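Just so it is clear, none of the values below were taken in a lab; they were calculated from the coordinates. Owing to the predicted nature of the structure, the values given are computational and were not obtained by experimental measurement. Cβ: placed from backbone, ideal geometry, glycine included. Neighbour counts: every protein chain shown.
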Amino acid sequence: MTAGRDHAIGDVVLSARDVAKSFGNIHALKGVNFDVHKGQVTTLFGENGAGKSTLMKILSGVMKPTSGEIILDGEPVTFASSTDARDRGVSIIHQELSLAPNLSVRDNIFMGREIKGRAGGVDYAEEERQTRLLMEELEEDIHPLTMVEDLRLGQQQIVEIARALSVNSRILIMDEPTSALSATEVEVLFSVIRDLKSRGVSIVYISHHLEEALQITDHAVVLRDGSMTARAPRAEIDLEWIVRNMVGEGFDLGSPPTGHEIGEAALSIENLCVPDKVNAERLLVDDVSIEVKAGEIVCIYGLMGAGRTELMECVAGRLQETSGTIRLNGRTMNGLSIAGRIAEGLVLVPEDRQRDGLVQTMSVGQNLSLASIGAFTKGLFTSKKRESDIVTGSIRNVHIKTDGGEAPITSLSGGNQQKVVIGKMLATEPKAVLLDEPSRGIDIGAKAEVFKLLADGARQGLAVLFTTSEVGECLSIAHRIIVMSRGQIAAEFGPDTTKEAIMAASGESKAAA
Amino acid sequence: MSDIGASRKAAIPGLTDGRFDIARILLEGRAFFALIAIIVVFSILSPVYFSLNNFLIMSSHVAIFGLLAIGMLLVILTGGIDLSVGSVLALAGVVAGALMQGVAFESFGFTAYPPVWVVAILTCCVGAFVGLVNGVLIAFFKVPAFVATLGLLYVARGVALLMTNGLTYNNLGGREELGNTGFDWLGFNRLFGVPIGVIVLAVVAVIAMLILKRTAFGRWIYSTGGNARAAELSGVPVRGVTIAVYVLSGICSAIAGLVLSSQLTSAGPTAGQTYELTAIAAVVVGGAALSGGRGRVGGTLLGAFVIGFLADGLVIIGVSTYWQTVFTGAVIVLAVLLNSIQYRSGGRKPSGSGTPSSPQAKAKK
């Protein structure tokens with residue numbers, strides 16, 4: 001824990017002291033200490049939901065901490081907003097870029113703080129000159145008047161960096177800057193980062209590509225479940241150290257259920273291809289074949305952009321495939337609507353429960369019964385009694401902590417909301433259930449409960465296919481682990497494999513572009 | 001209304017503990033209290049306002065807005081909007097008027113005079129057809145509801161003007177020997193002293209209530225408006241629901257057109273101008289959220305009565321029509337203001353998610 005303290009105090013430009021952040025009864029951060037060193041790269045490692053993004057948002061003024069303090073240049077500060085933080089030299093570059101695609105590079109860089117010319121107008125010539133200077137500094141050949149939408153993603157990132165530099169940012173926070181970049185673009189970005197370092201700019205870096213991050217970082221800090229578990233300078237660590245601290249040992253997410261009969265192939269996906277909506281040439285899911293037997297649990301591991309979500313959404317009927325077949329117990333699902341597939345027994349628990357899983361305006365009970373209204377409709381009208389039977393049954397079966405079916409869905413914690421989404425789909429009595437990152441954004445206890453639910457389902461003959469981006473979860477209840485990378489199946493493992501093997505297969509190192 | 005109502009109560013932060021009960025009751029029942037206040041104030045200002053007969057007359061005016069507003073409520077609950085209702089009302093009246101004049105089959109050399117019930121059904125079909133066009137444009141061609149229904153607002157009005165050359169059908173009585181009398185029954189007659197138009201409104205309101213509260217379709221409407229993506233993934237036929245609500249809104253407008261032209265015993269192509277705005281206002285005053293997913297038939301009816309009783313009251317005490325417009329506008333703004341207080345942080349609270357990325361994802365969509 002104290003390894004990072006060896007550095008001289010003057011070295012630290014920005015630090016968080018005992019920073020905690022709670023959302024209702026969810027504790028995203030539990031008293032984290034974090035230092036940013038001048039002219040160096042500090043990388044924050046951690047699984048999804050470990051609190052990385054929350055910490056970055058607090059450091060950059062997007063959010064305020066529930067308790068604890070931020071110290072900038074030795075002085076405690078309170079950032080009123082991200083603009084305030086930017087004015088004091090702390091800028092953040094979000095995972096999803098915040099550029100206006102319909103404006104030029106110049107207009108984007110000076111958006112919101114245009115240089116005033118004479119007669120109250122904008123001094124476009126001066127803006128253009130400064131933009132050109134910035135591009136020269138970054139050694140990027142981008143014309144200031146190019147439309148941002150015409151730039152490649154890597155170049156857009158450079159524009160973001162240029163914008164941060166144009167306000168004299170001394171501390172630059174980068175949230176997953178390489179996730180959408182090709183290998184050459186990553187190289188360009190890294191040389192820009194090295195250049196920034198040499199000019200005394202401090203970088204906070206977040207990435208899921210561990211090996212890639214190791215190339216560039218000077219310090220590593222690992223978060224797990226809202227607490228800092230380890231920190232050390234680059235020289236003292238390696239990949240294994242990071243994984244060990246990220247995943248932890250302690251919590252048991254269960255083991256593959258045994259003792260029940262594994263049946264026939266329930267869900268079989270053959271040679272499935274799903275194209276990119278924008279660029280139909282590119283396949284997001286490229287010739288994937290997966291078979292899940294009744295009573296079997298299969299886990300798909302992959303990084304962001306590996307094609308997991310697209311695979312799930314296509315099998316559930318939301319995305320259209322270009323080729324391949326999907327069968328459930330031998331019946332072809334291709335061409336059926338989402339509702340048709342639910343009726344056949346093929347259901348999806350989507351990745352983003354706020355966006356795709358819950359109807360926020362409805363109660364817990366109405367959400368739970370939404371997919372199985374037919375089961376309590378007699379003739380024209382719904383039966384209140386049968387609905388409340390289904391709702392209370394679901395609440396009991398999936399262990400939802402709620403004041404009852406009438407409670408608003410927004411009153412539940414993230415884990416319980418997730419259980420509502422799962423309970424809703426299980427209430428349709430499916431034969432195969434797809435779960436896209438069922439553990440995303442829920443705490444470790446809720447995770448264990450969700451996995452136990454899935455294991456129970458499998459024991460009763462349900463075919464379960466779930467995805468995860470947390471390697472520790474692969475080695476819990478899954479009978480088989482399939483690793484996806486760039487739309488294809490990269491490897492398949494049994495439950496006795498290692499975290500390192502899975503991570504290596506996923507291309508967590510230098511992703512081949 | 002118990003279930004939706006219950007979730008609303010808890011959605012008001014800080015107002016749920018005992019001390020703020022009065023504030024909460026006032027906020028929740030605001031349309032009701034506004035109606036009481038309007039009746040009290042105008043009864044004091046005018047001796048003729050507070051009488052059963054006046055209430056019945058005002059209610060028959062409200063019936064028109066109320067019918068439009070119920071159709072509008074169904075659309076707004078799905079997160080849409082229907083600007084064409086006023087024009088459909090006029091078109092329905094004109095179609096009914098034309099049918100009452102007889103349909104000439106020239107090749108066969110005779111003119112058919114359909115009985116009134118056939119006229120009523122055909123007119124509703126016209127309304128349903130306009131709604132179908134709206135719904136298909138919105139659900140399948142992804143035309144924004146505002147634009148699609150704005151287009152149909154012009155088209156329906158234009159067709160109504162074309163059919164009559166801008167003139168009004170004055171003779172809707174029908175003739176005994178042709179067997180098509182009775183058109184005035186809808187708007188003019190009374191059953192047990194209650195204007196038929198008000199009874200029609202009551203029947204439509206009860207049907208709408210049953211649909212929303214007791215059928216799968218009703219649940220689909222609420223879920224489509226609350227979160228269409230989640231509804232779709234739960235197997236709700238979101239497109240079908242979208243088309244259906246516009247069809248129902250078209251039918252409600254056609255019924256309103258029949259009642260209005262029956263009340264006036266004339267059908268003009270310029271009837272019902274800006275009524276779509278009144279209908280939207282009634283829905284909003286009744287506490288529905290324009291973003292969809294929240295709202296009740298009872299609230300919408302109250303909203304229609306608030307606006308109708310206010311407008312008629314202002315006429316009775318002799319306030320100029322210009323001031324009436326100002327007052328009505330002020331009431332609508334106040335209603336929207338109170339809605340936003342009630343729904344503030346009630347629906348989506350990103351904090352509940354625990355996934356910091358989801359609000360961004362939502363904003364991007």
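Past the 21 Å Cα-Cα mark, which pairs from A:401/A:447; A:38/A:64; A:401/A:499?
The pairs that break the limit, which is 21 Å between Cα atoms, are A:38/A:64; A:401/A:499.
Once you charge only the Cβ atoms, +1 for Lys and Arg and -1 for Asp and Glu, what is the size of the charge dipole of chain A about its Cα centre, to the nearest 20 debye?
The dipole of chain A has a size of about 1580 debye.
I need two numbers for region B:231-312: Rg to one decimal and Dmax as a whole number, Cα atoms only, in Å.
Calculated on Cα positions, Rg and Dmax stand at 15.4, 49 Å.
Extent of chain B along each principal axis, from alpha carbon coordinates, in Å, largest to smallest?
For chain B, the Cα spread along each principal axis is 74, 54, 36 Å.
Would you mind getting me the FRET efficiency between residue A:320 and residue B:341? Use the beta-carbon distance for r and R0 = 51 Å, nearest 0.05.
0.75
Ranking A:424, A:499, A:277 by Cβ neighbours within 10 Å, fewest first, what do you get?
A:277, A:499, A:424
Give me the percent of DSSP beta bridges within region A:3-247 that run antiparallel, rounded to the nearest 5.
60
Would you tally the net charge around residue B:53, using a Cβ to Cβ cut-off of less than 14 Å, leaving residue B:53 out, and scoring K and R as +1, D and E as -1?
Result for the neighbourhood of residue B:53: 0.
For region A:40-149, what is the largest minus smallest coordinate of the Cα atoms on each principal axis, given in angstrom and ordered from greatest to least?
46, 32, 26
Please give the net charge around residue A:130, taking every other residue with its beta carbon less than 13 angstrom from that of residue A:130, where Lys and Arg add +1 and Asp and Glu add -1.
Once all neighbours under 13 Å are counted, the net charge is -3.
Separation between the residue B:150 and residue B:333 pseudo-spin-labels, each 7 Å from Cα along Cα→Cβ, expressed in nm?
In this crude label model, residue B:150 to residue B:333 measures out at 2.2 nm.
Quick check on my link table: of A:378/A:424; A:57/A:277; A:384/A:419; A:30/A:197, which ones sit more than 27 Å apart, alpha carbon to alpha carbon?
A:57/A:277; A:30/A:197
Can you run phi through the Karplus equation (6.51, -1.76, 1.60; θ = phi - 60°) for region A:108-115 and list ³J(HN,Hα) in whole Hz, with x for Gly and Pro?
5, 5, 9, 4, x, 8, 4, 7
Can you sort A:479, A:399 from fewest to most other Cβ atoms within 10 Å of each residue's own Cβ?
With the sparsest Cβ surroundings first, the list reads A:399, A:479.
Between residue A:343 and residue B:25, what is the spin-label point distance in nm, taking each point 7 Å from the Cα along the Cα→C-beta axis?
4.9
Rounded to whole Hz and in sequence order, give me ³J(HN,Hα) for region B:203-215 from the Karplus expression 6.51 cos²θ - 1.76 cosθ + 1.60, θ = phi - 60°, writing x for Gly and Pro.
5, 4, 5, 5, 4, 4, 4, 4, 4, 5, 9, 10, 10
If amide H atoms are built 1.01 Å from N in the plane of the peptide, which residues on other chains or at least 5 residues away come under 5 Å of the amide H of residue A:66?
A:20, A:21, A:22
Report, largest value first, the span of the C-alpha coordinates of the protein assembly as shown along each principal axis, in whole Å.
Computed over the protein assembly as shown, the largest-to-smallest principal extents equal 103, 79, 64 Å.
Take chain B, connect every pair of alpha-carbon atoms lying under 10 Å apart with a spring to form a Gaussian network, then pick out the residue of B:228, B:279, B:92 with the largest mean-square fluctuation.
B:228
Karplus couplings for region B:244-259 from phi (6.51 cos²θ - 1.76 cosθ + 1.60, θ = phi - 60°), rounded to Hz, Gly and Pro as x?
The phi angles translate into 4, 5, 6, 4, 4, 5, x, 5, 4, 5, 5, 4, 4, x, 4, 5 Hz.
Using amide H atoms built in the peptide plane, which far-off residues or other-chain residues are under 5 Å from residue A:463 H to H?
Under 5 Å from the amide H of residue A:463 lie the amide H atoms of A:295, A:432, A:433, each far enough along the sequence or on another chain.
Say the dipole of region B:31-344 comes from +1 at the beta carbon of Lys and Arg and -1 at that of Asp and Glu; which of B:333, B:225, B:88 then lies farthest toward its positive end?
B:225
5 Å is the cut-off here: which amide hydrogens, built 1.01 Å from N in the peptide plane, fall below it relative to residue A:223, excluding neighbours closer than 5 in sequence?
Distant-sequence amide H within range of residue A:223: A:45, A:46, A:229.
Order these by the 10 Å Cβ neighbour count, fewest first: A:270, A:429, A:473, A:212.
A:429, A:270, A:212, A:473
Classify region A:395-445 from the C-alpha gyration tensor, please: rounded if a/c falls under 1.5, else prolate or oblate depending on whether a/b exceeds b/c.
Oblate.
What is the calculated FRET efficiency for residue A:389 to residue B:50, with r their C-beta to C-beta distance and R₀ = 41 Å, to the nearest 0.05?
0.25
How many lysine pairs in chain B, separated by 8 or more positions in sequence or lying on different chains, have Cα atoms less than 20 Å apart?
So the count of such lysine pairs works out to 8.
Would you list the P(r) distribution for region B:52-172, with all Cα-Cα distances sorted into 5 Å bins from 0 and each bin expressed as a whole %?
Computed distribution, short to long bins: 2, 10, 16, 19, 18, 14, 10, 7, 3, 1, 0.
If we restrict to alpha carbons, what Rg and Dmax does region A:324-472 come to, in Å?
My reading of the Cα-based Rg and Dmax gives 15.1, 48 Å.
Between beta-carbons, use under 13 Å as the cut-off and find the net charge around residue B:137, counting Lys and Arg +1, Asp and Glu -1.
Result for the neighbourhood of residue B:137: +1.
For chain A, what does -39500 (n - 2.57) per DSSP helix run (n ≥ 4), summed and divided by total residues, give at 222 nm, in deg cm²/dmol to the nearest 500?
Taking each H run of at least 4 residues, the total per residue is -9000 deg cm²/dmol.
What does the extension gain come out to for residue A:236 and residue A:145, with contour length at 0.36 nm per residue minus their alpha carbon separation?
Result for the pair: 28.2 nm of gain on full extension.
Which one of B:118, B:297, B:95 has the biggest mean-square fluctuation once chain B is modelled by GNM with Cα springs under 10 Å?
B:118
Once you order the gyration tensor axes a ≥ b ≥ c over the Cα atoms, which shape class does region A:355-429 get: rounded for a/c under 1.5, otherwise prolate or oblate by comparing a/b with b/c?
prolate
For chain B, with a Gaussian network of springs between Cα atoms less than 10 Å apart, report the residue from B:121, B:44, B:316 with the top mean-square fluctuation.
B:44
Can you compute the charge dipole magnitude of the protein assembly as shown about its Cα centre, using +1 on each Lys and Arg Cβ and -1 on each Asp and Glu Cβ, nothing else charged? Give it in debye, rounded to the nearest 20.
2840
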